[in-house]
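Following: one structure in structure tokens, then a few remarks.
The values are calculated or read from the model by the stated rules, or taken from the named source; none is laboratory data. Just so you know, these numbers come straight off a predicted model, no measurement behind them. All Cβ positions, glycine included, derive from the backbone under ideal geometry; neighbour counts span all protein chains shown.
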Amino acid sequence: MRERGEALKPWFLLGPNLVLIGLLMLGPLLLLARISFDAYEAGSGIIDTWQISNYTKFLFDPFYREVLWGTLLLGAEVTALCLVLGFPLAYALSRSRGLKRSLLYFCILMPLLTSTVVRTFGWMILLGNNGFINRTLMALHAINRPLRLMYNTTGVIIALVEVLLPFMVLALDTALLNINPSLYEAARNLGARGTRIFLRITLPLSLPGIISGCVLVFTGALSAFVTPTLIAGARVKVMSTIIYQQAMALLDWPFGAAVAFIMLAVILILMVASLTLTERRRTA
């Protein structure tokens, strides 16, 4: 009896959290899933029925497929840039100790203490035709006319990289800290240097952190709403803006819910694939 009580103790501790998640997350998701199978008619509102036309409308319409592909491509570009920029920073962070590490850690976390809306407004000032970047480049005679950094995909990528870079760095830092320093010493004793150590030890052993960071950044880029809306306006269509437009502007909740679940399915597939890849790497 005592052993059974010990086995149930974790579930008692998890119970309040599971109830909270069920009420505040699972419940609304189930309701939204039910709405995604309803119909919508202008002037009449939501019609209670069961149909898959909202999903087929999205999947078979070239416009919406292009939006989905563009969102995936945007997420891939943001993820690649965050990985390229974040790996050296995470490596320097993992090799630092004491006050230096604390200062670097604070600098990485500091942007997360500021609202994404505020940071995006800051990027609007920096990226504008009369913004700091263009004015500086023109003052240095590096360009003759302002670069188009606002109301296009380029500006969205720049802003999203700044917003999501800390998540990549933190994931990589955790993986790099788990690498046994004796492996580096052994490699140096055997004559390996620089690039070879990185390719044979650092990169393979940091793969779980790379996968985790890429998943965090990619899903964050796919679901980002504030940054694409403020930086690109209506000129760049992504999944989040389509969901907002359908649900809030057109009041077509069933179609908006269907688009949201299609995006959720894509994110879940990516997460399952990344977890499977990480597990295979651990057991290899």
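Condition first: under 24 Å from LEU113 (Cα atoms), in contact with a helix residue (DSSP H, G or I) (Cβ under 8 Å, 6 or more places away or on another chain) and either modelled with pLDDT under 85 or surrounded by 17 or more Cβ atoms within 10 Å (Cβ to Cβ) (or both). Can you find one or more residues in segment 184-205 that meet it? No, that holds for no residue.
State which residue is farthest from LEU72 (Cα to Cα) when the search covers only segment 221-239 and only residues that are free of Cβ contacts under 8 Å to residues at least 60 places away in the same chain and within 18 Å of the chain's Cα centre (by Cα). Spell out how you get there, then give the answer.
We begin by selecting, within segment 221-239, every residue free of Cβ contacts under 8 Å to residues at least 60 places away in the same chain; these are 223, 225, 229, 234.
Within this subset, residues satisfying the condition of being within 18 Å of the chain's Cα centre (by Cα) are 223, 225, 229.
Details: SER223: 10, PHE225: 14, THR229: 17 Å.
So the residue we want is THR229.
Table: residues versus (1) of a type outside the set (A, V, I, L, M, F, W, C); (2) in contact with a Gly (Cβ under 7 Å, 6 or more places away or on another chain).
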| site | (1), (2) |
| --- | --- |
| LEU199 | no, no |
| LEU216 | no, no |
| ALA221 | no, yes |
| THR241 | yes, no |
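Residue under question is ALA221, and the condition is that it be of a type in the set (A, V, I, L, M), under 30 Å from GLU66 (Cβ atoms), modelled with pLDDT of 80 or more and in contact with a helix residue (DSSP H, G or I) (Cβ under 9 Å, 6 or more places away or on another chain); does it hold? Criteria met by ALA221. You will find that of LEU72, LEU59, LEU103, the residue that is over 29 Å from TYR244 (Cβ atoms), assigned by TED's automatic domain parsing to the domain that holds LEU176 and of a type outside the set (S, T, N, Q) is LEU103 and no other. Going by what's in this entry, would LEU85 be described as under 27 Å from ALA232 (Cβ atoms), surrounded by 15 or more Cβ atoms within 10 Å (Cβ to Cβ) and out of contact with any Pro (no Cβ under 8 Å at 6 or more places or on another chain)? Here the answer is yes, as LEU85 does meet what is asked. Here ALA175 passes the criteria (1) without any contact (Cβ under 8 Å) to a residue 24 or more places away in the chain; (2) surrounded by 13 or more Cβ atoms within 10 Å (Cβ to Cβ); (3) within 30 Å of VAL78 (Cα to Cα) except the one numbered (1). Please verify whether segment 88-97 includes one or more residues that are surrounded by 20 or more Cβ atoms within 10 Å (Cβ to Cβ) and not small (Gly, Ala, Ser). Looking through segment 88-97, at least one residue is surrounded by 20 or more Cβ atoms within 10 Å (Cβ to Cβ) and not small (Gly, Ala, Ser).
Restricting the search to segment 8-67, which residues are aromatic (Phe, Trp, Tyr), modelled with pLDDT of 90 or more and part of a helix (DSSP H, G or I)?
Of everything in segment 8-67, those that are aromatic (Phe, Trp, Tyr), modelled with pLDDT of 90 or more and part of a helix (DSSP H, G or I) turn out to be TYR55, PHE58, PHE60, PHE63, TYR64.
Within segment 250-262, can you find the residues that are in contact (Cβ under 8 Å) with a residue 60 or more places away in the chain and part of a helix (DSSP H, G or I)?
Passing the criteria: TRP253, PRO254, PHE255, ALA257, ALA258, VAL259, ALA260, PHE261, ILE262.
Residue check: LYS237 meets all listed conditions (1) buried (at least 20 other Cβ atoms within 10 Å of the Cβ); (2) under 15 Å from VAL67 (Cα atoms) but one, namely (1).
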